[in-house]
1. Separation between the Ala121 and Asn87 pseudo-spin-labels, each 7 Å from Cα along Cα→Cβ, expressed in nm?
2. Compute, for segment 27-121, the length of the dipole vector about the Cα centre, with Cβ point charges of +1 (Lys, Arg) and -1 (Asp, Glu) only. Units Debye, rounded to 20.
3. Lys31: which lysines have alpha carbons under 20 Å from its alpha carbon, excluding same-chain residues fewer than 8 sequence positions away?
4. Return the whole-Å distance between the Cα centroid of segment 2-26 and the Cα centroid of segment 29-98.
5. Ranking request for peptides 110-118, 5-13: highest mean number of other beta-carbon atoms within 10 Å first, then the rest in descending order.
6. Could you tell me the calculated FRET efficiency between Arg97 and Ala68, based on Cβ-Cβ distance and R0 = 22 angstrom, to the nearest 0.05?
7. Using Cβ counts within 10 Å as a stand-in for footprinting exposure, how do Leu43, Leu50 rank, fewest first?
8. Any idea which of Gly62, Met96, Thr20 is furthest toward the positive side of the dipole for segment 5-111, if Lys and Arg beta-carbons carry +1 and Asp and Glu beta-carbons -1?
Amino acid sequence: MPIRKILVVDDSKTELVFLTDLLQKNGFAVKTAENAEDAMRRLEEDQPDLILMDVVMPGQNGFQLTRAIARDPQYAAIPIILCTSKNQETDRVWGMRQGARDYIVKPVDAAELMSKISALA
């Protein structure tokens, strides 16, 4: 399934603007959410083809939200790439165990992100 619509979940306005700009320049339709509650609302409105998920957020963190989405039959098929400043191998392993398909460390390298998105398509 081609990836066209991407939901970016991050509590940092700077990251949201950077990722939205990068993804739109590469031809993707982008929606954003600043927390887990906002992300679930966006999922219900219009299912994306991919979710880019921050880990460190107020309230429910990205690991918890990834687990909730991955275990929900309605959304389980949507791939999630965790996009976080947490760069320890244990964080990556834990993220993948929660249901993420891939993991990228901030600051995001544009070429690496595009490569990871292409690999999922």
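No value in this document is a laboratory result; all are computed from the given coordinates. These numbers were taken from a predicted model, which means no experiment stands behind them. FYI the Cβ positions are ideal-geometry reconstructions off the backbone, even for glycines, and counts take in every protein chain you see.
1. Once both label points are built, they end up 2.9 nm from each other.
2. Numbers: 11 positive and 14 negative charges, 56 e Å.
The dipole of segment 27-121 has a size of about 260 debye.
3. Cross-link targets: Lys5, Lys13, Lys106, Lys116.
4. A separation of 13 Å, based on Cα centres.
5. Values: 110-118: 14.2, 5-13: 21.0.
Highest mean packing first, the order is 5-13, 110-118.
6. Details: r = 14 Å, r/R0 = 0.63.
In this case the efficiency is close to 0.95.
7. Values: Leu43 21, Leu50 24.
Ordered by Cβ neighbours within 10 Å, fewest first: Leu43, Leu50.
8. Met96
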